[in-house]
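Encoded as structure tokens, the structure appears first; notes follow it.
Quick note: the coordinates plus some simple rules give every number you see, no bench work behind them. All values reported here derive from a predicted model rather than from experimental measurement. In this analysis, Cβ positions are derived from the backbone assuming ideal geometry, glycine residues included, and neighbour counts consider all displayed protein chains.
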Amino acid sequence: MIKDYRSDFPILKRQIHGKRLAYLDSAGTSQVSKFVLDAVYDFETNHRANVHRGVHTLSEEASEMYEAARLKVSKFIGAVIPSEIVFTSGATESINIAAFSWGVHNLKKDDIVLVSEIEHHSNFVPWQEVCRMTGSQIKYIPIDNNGDLDIKNTNVDWSKVKLVAFTQVSNVIGRVNEVKDIAKNIKKAVGENQMPKILVDGSQAVSHLPVNVQSFGIDFYAFSGHKMYGPMGIGVLWIKRDIFKELRPVKFGGGMINEATYEKSTFAQMPEFLEAGTPNVSGAVGLGFACDYINQIGIENIIKHDTILMDCALNKLREDKDIIIYGSPNSSLIAFNVKNIPSHDLASVLDTCGVAVRSGHHCVMPWHKKQDVTTTARLSFGIYSDFSDIDQLILGISKAKGIFL
């Protein structure tokens with residue numbers, strides 16, 4: 001049995017085409033709990049003001065709530081100090097900030113940026129661009145048949161590797177990468193004195209797995225609020241404080257200035273150093289409450305919930321010989337296809353059954369091309385998912401087969 005959390009999410013009261021909503025696209029965007037919605041509403045109706053820019057009551061309240069959210073997030077991922085937390089618009093901006101505040105200023109000609117071959121576009125396209133700008137090279141870590149990163153068989157001159165970027169949980173095959181073990185394997189390959197910087201995309205991990213960035217042996221960690229029951233338009237870049245001095249600002253303007261004259265300007269300390277402009281205060285507040293919500297449930301309970309549903313879904317999908325499952329998923333999402341049914345057509349039929357799944361290349365186009373697969377369907381669970389969602393999915397697949405096969 002699993003605990004029912006559907007009532008915490010108002011949108012799940014909706015019906016789609018007259019059917020109960022079975023929302024199986026949480027890896028794309030999770031739904032928002034009423035606790036987060038209430039927190040955002042409270043900010044917008046009782047405390048709305050800009051932060052760090054005024055001494056009036058509303059501004060001071062907003063500033064306090066914004067920094068309280070930063071403290072919550074820092075504790076949630078095990079940061080050393082809150083100033084290691086930079087609020088962004090999402091994981092995409094987080095990785096771009098890492099690429100252009102650190103990469104552009106520290107990479108040079110013939111250095112290597114090493115990225116896994118199954119990364120989301122947001123975690124390799126920025127590095128492609130930085131390599132183009134700096135004359136560095138981008139190379140790729142292969143994955144094995146299970147979907148694990150094959151560091152030992154990566155054909156690269158490790159002495160030239162200056163940054164390694166990979167995802168903690170693949171958004172296309174649902175495979176968990178053990179960050180700590182990978183960091184140790186990188187250290188073995190390069191030697192302790194030549195350790196490259198490591199960036200991890202934690203977008204699919206933070207709401208499903210325990211995260212302690214201090215224990216990982218990494219330098220950057222990026223994630224989005226909208227994949228962890230929080231608002232859209234808010235994200236986080238954790239930066240290890242040891243490398244603050246290696247960074248340069250990437251946006252300039254209000255909020256990040258220490259002193260400005262007509263001749264020159266100096267910049268504030270971290271994290272304001274990388275947070276130019278008016279921040280998404282209500283988003284940050286909502287993200288803090290999303291952390292509270294996950295903590296309240298307990299990550300161990302979330303893991304049990306995911307495991308039970310994954311076992312059920314995999315068993316039922318594998319009963320159908322027309323279904324192809326990609327990789328060996330062991331987290332909270334499954335990429336699959338039904339033979340001779342394009343994934344977009346399958347998703348359209350499933351929608352008529354009230355089932356929401358993602359279809360496409362999931363922003364991992366190179367991997368799909370390598371597999372000679374145009375697109376895949378992807379189901380993904382949230383804490384509100386249950387056995388009824390899986391039953392609706394299976395019935396929807398049967399309906400699609402009746403139409404197309």
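Modelled spin-label separation between residue 55 and residue 261, with each label point placed 7 Å from Cα along the Cα-to-Cβ direction: 2.6 nm. What separates the Cα centres of segment 178-209 and segment 1-60 is a distance of 32 Å.
Once backbone amide H atoms are built at 1.01 Å from N, residue 138 has 113 as its partners under 5 Å, excluding neighbours fewer than 5 places away on the same chain.
Using Cα springs under 10 Å in a Gaussian network model of the chain, which residue among 233, 28, 253 shows the largest mean-square fluctuation? Largest GNM mean-square fluctuation: 253.
Helices in the chain, meaning DSSP H runs of at least 4 residues, each add -39500 (n - 2.57). Divided by all residues, the mean residue ellipticity at 222 nm is -10500 deg cm²/dmol. Report the FRET efficiency, 1/(1 + (r/R0)^6), for residue 109 and residue 324, where r is their Cβ-Cβ distance and R0 is 45 Å, rounded to 0.05. Once the sixth-power term is evaluated, E becomes 0.55.
Counting only DSSP beta bridges whose two residues both lie in segment 37-295, roughly 45 percent are antiparallel. So which residue, out of 25, 111, 181, gets the largest mean-square fluctuation from a GNM of the chain using Cα contacts under 10 Å as springs? Looking only at 25, 111, 181, the biggest GNM fluctuation is shown by 181.
Extension gain for residue 248-residue 303 works out to 16.0 nm (0.36 nm per residue, less the C-alpha to C-alpha distance).
Sequence-ordered 3J(HN,Hα) estimates for segment 319-328 from the Karplus curve with 6.51, -1.76 and 1.60 and θ = phi - 60° stand at 5, 9, 5, 8, 9, 9, 9, 9, x, 10 Hz, glycine and proline given as x. Distances between placed amide hydrogens fall under 5 Å for residue 257 paired with 268, all partners being 5 or more residues away or on another chain. Taking the chain as a Gaussian network of alpha-carbon nodes connected by springs under 10 Å, the highest mean-square fluctuation of the residues 255, 54, 235 belongs to 54. When the pairs 316/370; 152/316; 139/187; 19/316 are compared against a 23 Å limit on Cα-Cα distance, 316/370; 152/316 fall above it. In this structure the amide hydrogen of residue 198, modeled in the peptide plane, comes within under 5 Å of the amide hydrogens of 164, 219, 220, none closer than 5 places in sequence on its chain. For segment 113-152, rounded, prolate or oblate, judged on the Cα gyration tensor with a ≥ b ≥ c (square roots of eigenvalues), a/c < 1.5 rounded, else prolate if a/b > b/c? Taking the square roots of the gyration eigenvalues as a ≥ b ≥ c, segment 113-152 is oblate.
Exposed loop sites here are trypsin sites (Lys or Arg not before Pro) assigned a DSSP state other than H, G, I, E or B and surrounded by at most 16 other beta carbons within 10 Å; excluding them, the longest clear run of the chain is 110-250. Note on residue 75: lysines with a C-alpha under 21 Å away, same-chain residues under 8 apart excluded, are 180, 227, 240.
Shown in residue order for segment 145-150 are the 3J(HN,Hα) couplings computed by the Karplus curve 6.51 cos²θ - 1.76 cosθ + 1.60 at θ = phi - 60°: 5, 7, x, 7, 5, 9 Hz (x for Gly and Pro). 3J(HN,Hα) along segment 158-175: 4, 5, 9, 6, 10, 8, 10, 10, 7, 8, 6, 9, 5, 7, 10, 10, x, 9 Hz, from the Karplus curve 6.51 cos²θ - 1.76 cosθ + 1.60 with θ = phi - 60°, whole Hz, x for Gly and Pro. Spacing of the modelled spin labels on residue 14 and residue 370, each 7 Å from Cα toward Cβ, amounts to 3.6 nm.
The aspartates and glutamates whose alpha-carbon is closer than 13 Å to the alpha-carbon of residue 197, local same-chain residues fewer than 8 away aside, are 111, 219, 242, 246.
So how far apart, in nm, are the two label points at residue 241 and residue 81 if each is 7 Å from Cα heading toward Cβ? Computed distance between label sites residue 241 and residue 81 equals 0.3 nm.
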